[in-house]
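Notes for the one structure printed next.
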Amino acid sequence: MQFKNKFYEEFSDYIFKHTGIHYAEANYYQLDARINKLMKFLETSDENDVLKAIQGGAVKDQRVHQMIVDLATNNETYFFRDPGVFNAIKSELVPQWLEKIDQGGRVSVWSCASSSGQEIYSIMMNIEEKRPGAIEKGFEFKATDISNSILEKAKAGVYSQLEAQRGLPILMLTKYFKQTDSSGWQIRENFPSKVNFSNFNLLTGSYPTGQFDLICCRNVLIYQKKENKAMVLEKLYQSLKPGGILLLGNTENTFGLNKDFVGQTIGGVAMFQKPLDENKGAA
Ligand SMILES: C[S@@+](CC[C@H](N)C(=O)[O-])C[C@H]1O[C@@H](n2cnc3c(N)ncnc32)[C@H](O)[C@@H]1O
């Protein structure tokens with residue numbers, strides 16, 4: 001169904017206000033399927049009912065709000081997405097983390113647009129590959145996303161055959177997953193139970209300070225306008241420990257957005273570091 005321009009405007013404004021995701025007029029057609037799903041959910045074929053639901057810019061019914069967030073977001077992800085990145089984590093970062101833990105320290109990792117969990121679980125598998133049992137001792141894992149339904153999936157840690165096959169070597173699949181009755185794959189129970197999952201909007205959330213050794217903020221800022229990207233990068237910078245690392249998606253960087261991060265090539269991969277001594281950061 002085609003909608004009136006005014007309707008697209010109000011709907012896309014709502015999405016922008018609450019997620020920062022910008023649907024330009026040229027892309028309004030991408031909203032059609034999303035709006036149709038929402039109408040089905042609201043059991044209506046009248047766009048005025050949708051407008052009423054988002055009246056005043058704030059949906060009173062949280063289920064409707066979350067439905068819009070779910071519809072607006074792209075949750076594409078897979079295990080070991082960009083293998084070079086995960087090889088670098090395994091060969092360069094994990095040994096440093098284990099050393100730190102051996103010396104009595106703690107290591108915290110945050111996947112801040114976690115989608116269905118493949119990112120945080122891939123990091124955890126990398127740690128386990130280096131030292132079996134290590135995720136139980138000294139590590140803290142946090143995974144957040146703006147979408148509640150995708151977080152529920154992440155928490156469950158159950159993946160279809162297709163999802164399990166995407167990026168996950170067969171040896172890792174058989175080692176860390178067991179088959180479910182419905183021919184899906186369930187990650188080892190201690191993985192989800194070690195992760196602190198919560199809803200977090202990168203634009204409005206209250207960021208922890210100085211807490212993380214690694215933050216993965218991959219393939220989410222691409223949907224944001226420049227000023228929002230800069231604001232999120234500044235907050236992520238504050239959330240890292242001195243010496244902590246920010247990982248962005250392969251096509252993303254901090255250039256022109258943040259001067260504090262120091263670009264580093266670690267294990268052949270571009271990473272962004274908060275200097276150990278902030279006074280010696282990038283000029
Ligand atoms: C394309 S997925 C990326 C998943 C994973 N980081 C990766 O690279 O494979 C983007 C995720 O960002 C989430 N997201 C979008 N806008 C967000 C926001 N403002 N705050 C937090 N998460 C957001 C979406 O719900 C989606 O799950």
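Values in this text are rule-based calculations from the coordinates and carry no lab data. In this text the structure is predicted, and so the values were computed from the model without any measurement. Because the Cβ atoms are built from the backbone with ideal geometry, glycine has one as well, and the counts that use them run over all protein chains shown.
Around Phe80, which amide H atoms from residues at least 5 apart in sequence, or from another chain, sit under 5 Å from its own amide H, with H modelled in the peptide plane?
Ser122
If amide hydrogens are placed 1.01 Å from N in the peptide plane, which non-local residues have theirs closer than 5 Å to the one on Ile54?
none
Looking at the chain as a GNM with Cα springs under 10 Å, which of Asp181, Asp70, Asp102 has the largest mean-square fluctuation?
Asp181
Lys/Arg Cβ at +1, Asp/Glu Cβ at -1, dipole of the chain taken about the Cα centre: which of Gln66, Leu31, Tyr121 is farthest positive-ward?
Tyr121
Looking only at Ser114, Ser160, Ser239, which one moves most when the chain is put into a Gaussian network model with springs between Cα atoms under 10 Å?
Ser160
Just to check I understand the Karplus step: with θ = phi - 60° and J = 6.51 cos²θ - 1.76 cosθ + 1.60, what whole-Hz values come out for the stretch 133-143, glycine and proline as x?
Calculated HN-Hα couplings, in order: x, 5, 5, 7, 10, x, 9, 10, 10, 10, 9 Hz.
Taking amide hydrogens as modeled 1.01 Å from N in the peptide plane, which residues meet the under 5 Å criterion relative to Phe200, leaving out close sequence neighbours?
Asp145, Ile146
Tell me which of Tyr176, Ala143, Tyr78 sits at the most positive position along the dipole axis of the chain, charges placed on C-beta atoms (Lys, Arg +1; Asp, Glu -1).
Highest projection toward the positive end goes to Tyr176.
With only Lys, Arg, Asp and Glu charged, each at its Cβ (+1 for the first two, -1 for the last two), find how big the charge dipole of the chain is about the Cα centre; round to the nearest 20 debye. Mind showing how you got there, number by number?
Working: 33 positive and 33 negative charges, 86 e Å.
Magnitude of the dipole: close to 420 debye.
What are the ³J(HN,Hα) couplings of the stretch 99-106, residue after residue, when phi is run through the Karplus curve with 6.51, -1.76, 1.60 and θ = phi - 60°? Round to Hz, x for glycine and proline.
These are the phi-based 3J(HN,Hα) values: 4, 4, 5, 4, 8, x, x, 10 Hz.
Express as a percent, rounded to the nearest 5, the fraction of DSSP beta bridges in the stretch 83-280 (both residues included) that run antiparallel.
Numbers: 12 of 30 bridges.
Taking every DSSP beta bridge with both residues in the stretch 83-280, the antiparallel ones total about 40 percent.
Would you please put 132-139, 210-217 in order of how densely packed they are, using the mean number of other Cβ atoms within 10 angstrom per residue and starting with the highest? Could the numbers behind the result be given before it?
Working: 132-139: 14.2, 210-217: 20.6.
Those peptides, ordered most packed to least, come out 210-217, 132-139.
Take the alpha-carbon centre of the stretch 46-75, take the same for the stretch 215-237, and report the distance between them in whole Å.
When both Cα centres are located, 24 Å separates them.
To test your reading of the geometry: what angle, between 0 and 90 degrees and rounded to tens, separates the Cα axis of helix 32-42 from the longest principal axis of the chain?
Approximately 80 degrees, to the nearest 10.
Please compute the length gained on full extension between Glu136 and Lys175, using 0.36 nm multiplied by the number of residues separating them and subtracting their Cα-Cα distance.
Roughly 12.3 nm would be gained on extension.
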